[in-house]
Each structure stands twice: as C-alpha cells, then as structure tokens.
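Chemist: Have a look at the structure that comes next, please.
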C-alpha cells in the first residue's frame, strides 16, 4: 500500500491531481462551516444527528447540523440524475435519443440534469427551512417570512450548485469521480467526531461493569467494521469472466480474451441513490410536520425514516431495485452484444446478436441478485442490529457509509493505477 502511494506521488501529473483534489476538499470543509444568514444553527443540534437527517448530515460532512451554505450537499443533483436516467428509459423520446448520441448527447443530458437539480434544490431548501424551523420550535429561522425563506433557499441552492461545480473540477483536474469524492470527504470528516462522541457518552462517565460492557461493545464494533471492510473489498473486486472467441483467429490458436463482469457492477451508486431518493419525500413531509399528526400520515412518515423498521424495509427495496437498474445501465447488454459482433467476436455456445444480448441480460440479472444481497446485508444489517440489540452505532460508522468510503477508495485507487500504467505506455512510445 505504501509503495503504491509512494509511486503515485512520484508521478508529477498524479501528484498535482491529488493536491488539487485536497485543495477542493479544503474549500469544501471551509464552506461547510459558513452558516446561512438569518438562521440559528444551534436550534437543530438536538435532532439533526438522527434518522435520515443524520445520514444527510454525515454525507455533507456535518454541514446540515451547522446549517451552512453546503447544508444540502449534492443530494439535489443525485436526485435529478435518478430522474433523468429513468426518463431515458423510453419514457421521453428526446432524452432517449440524446442518450444514443455519444458525447454531444451526454452534454445535453448533463444540462437537463443541472437545471432539474436547481429546481429540486430550491424546493428542497424551502422544505428543509420550514420543516426544521417547525421541528425546532420556530427557533431555526430568526425572522420567519416569505422574503427570509426565499433568501435562505437561494443561498442553499447556490451552495449546492457550487458544490456540484467543485465536484466537476475534481473529475476534470483531480482524482476520482467528483460527486462521489465530495460525499467521501464528508463521511471521513465525521468519523473522528463520532468516535469522540462515543467515548464521551459511553466510556467517560461509565464505571465498573458498565465500563467493561461499553469497552467490549467498542471492540466488537471495530472488529465488525474490519470484517465488513474485508468483505466489501473482496466483493468489489470479484468478477465473472466470460470467455470470448474471435472468428478471424486460426482454429488452433489459444483464446485468452475475456469479458469481465463485476458481481456488483453498480458499485456504491445504489446506496447513494436510495439515500437521496428518501431525502426528498422526507423533506416534504417535514414541511407539513406529518410525524406529529398520527394515523396513516405517521405510517407514511415512518416509511421514509431510517430509524424505523418500515424505513429499513423500504430502504432495502430501493437498494435492490437500484442495483438491478444501475447494473443494466453500467453494462448495457445491447451495446456489448453489438460491439462483439462488430469485432467478429462471440461467446462460446451463444449465437451473436439477440441471443448474446439475452444471455448477457440474464447473467447480469443473476450477478445483480448477488450484488443486491451483498449491498443489503452491509447497509441494512447495522440498522437491524440497532433495532434488536439497541447498539449505539453512529451514522458515519454504519454500513451505508462504509460501503461508500471503501467503494470510492477502491475506484479512486484503480484510476490512479490506470494513469500510472498509461504514463508508462506513453513514455515507452516517446522513446
């Protein structure tokens, strides 16, 4: 590991990209401590660390609890991405056409996603401000009024879009996927505070048998986290290799080509998507204060609450659905079959064309089933443990956060390794 880091910093281009990414992280952390004008952040400290609000707060690096200009994080953009990608599935013909136009169509879709994110961000910011103000006993917003709420909404929306722009700069000039790296930085920034909070609440004032029990719980949590990290690394690297033959080769030639299909082709995207999908309804219901009105409204509110069993079940369903959905987007069976046919390649015992497409679709769905089970176990098991044994697991140390941190770290390491290999090839060609 240390050799890999040393070799990466030895390459000037990669070193500059890493420093640029760290510079963006510094801007992000600075902005997460700048409060929105006209609010009192201390009014939401009591409940901003629980449930879905706590998860969004962790993804934002604590920006939500401080009600800073980055309080919404990149969640509006992720929600907009989900909507646009769903609409590409032959729902809006124009978006479907753009999806097939390569780089030009991708730029158009990015514009639509950005505009949608602005609208969602503005609506969500108003919902957060009104909902949190009610939950805090009208203590969050100093001078409630239409002008005040619109001003706060504009600041939060501008902060969210600036954060998305910072993510784009990381993608272009830094290391890793920008949006994922922003979420990664937010989660990592909260880990030391959560560990310190655990020590303060569980170990500082405990004595005798209670102290021993809390220490054993801490050791158990650390051991489980290490085991989960090992499982995540193994599953993220696991592949199913499909042998590929080329019809133009001599019949006696050795065939070494393979089509690698990851068991979890969707990566950590389903986890991020599911979390962001839960945030918008929760914001709207917070606006109407549904949790205190009882009846069917309370049931609906609990469905979008990760601290409730209903919310955990719905979160599981979303994880499974997004895993199947995004796996077919990441590995498009139709395009793969078409490319294999153009290259004169085929899968043994499978006819080129539609048969190959159907074979790949079936195989991807089977692998997605394993991947969905894996994501569900890692993300939901800590929640279930909290319900049954009342184990105090902090949000930043939960399975959801662990999946994102380890998954993003693996993808970033692969990108760095790819750039190092590319540089060696370029250097060889320039000799």
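Coordinate-derived values only; no laboratory data. These figures come from a predicted structure and were not determined experimentally. We place every Cβ from the backbone using ideal geometry, glycine too, and count neighbours over all the protein chains shown.
Chemist: Quote the FRET efficiency, to the nearest 0.05, computed for residue 334 versus residue 377 with a Förster distance R0 of 30 Å and r equal to the Cβ-Cβ distance. Intermediate results must be reported in sequence, preceding the final value.
Modeler: Details: r = 31 Å, r/R0 = 1.03.
It comes to 0.45.
Chemist: Throw me the Rg/Rh for region 80-162, computed over C-alpha atoms with Kirkwood Rh, two decimals.
Modeler: Using Cα coordinates only, the ratio equals 1.18.
Chemist: Hey, another quick one. State, to one decimal in nm, how far the label point of residue 298 lies from the label point of residue 218, with both points 7 Å from Cα in the Cβ direction.
Modeler: 3.8 nm
Chemist: Could I ask something else about it? Run the simple label-point estimate for residue 358 and residue 94 please: 7 Å along Cα→C-beta, distance reported in nm.
Modeler: Here the answer is 3.6 nm between the modelled labels.
Chemist: Here's a follow-up. Under the rule a/c < 1.5 gives rounded, and otherwise a/b versus b/c splits prolate from oblate, where does region 1-192 land using the Cα gyration tensor? Write out the running numbers ahead of the final one.
Modeler: Numbers: a/c = 2.32, a/b = 1.22, b/c = 1.91.
Here region 1-192 falls in the oblate category.
Chemist: Looking at the square roots a ≥ b ≥ c of the eigenvalues of the Cα gyration tensor of region 141-199, which shape do they give, rounded for a/c under 1.5, prolate if a/b is larger than b/c, or oblate? Mind dumping the intermediate values first?
Modeler: On the way: a/c = 5.60, a/b = 1.26, b/c = 4.45.
Here region 141-199 falls in the oblate category.
Chemist: For the peptides 118-128, 220-230, 350-360, 316-326, what is the packing order when you average, over each peptide's residues, the other Cβ atoms within 10 Å and list the highest mean first? Walk me through the intermediate numbers first.
Modeler: On the way: 118-128: 20.8, 220-230: 13.5, 350-360: 16.1, 316-326: 19.2.
Highest-to-lowest ranking by the protection proxy: 118-128, 316-326, 350-360, 220-230.
Chemist: Follow-up question, since we're still on this one. Cα centroid distance between region 99-128 and region 309-379, in Å?
Modeler: Here the answer is 26 Å between Cα centres.
Chemist: Also: Quote the relative contact order of region 1-192 in percent (integer), defining contacts as alpha-carbon pairs under 8 Å separated by 6+ residues.
Modeler: Working: 240 pairs, mean separation 56.7, N = 192.
Worked out over region 1-192, it gives 30 percent.
Chemist: If r is the Cβ-Cβ distance from residue 119 to residue 193 and R0 is 30 Å, what FRET efficiency results, to the nearest 0.05?
Modeler: Values: r = 33 Å, r/R0 = 1.10.
With R0 = 30 Å, the Cβ-Cβ based efficiency is 0.35.
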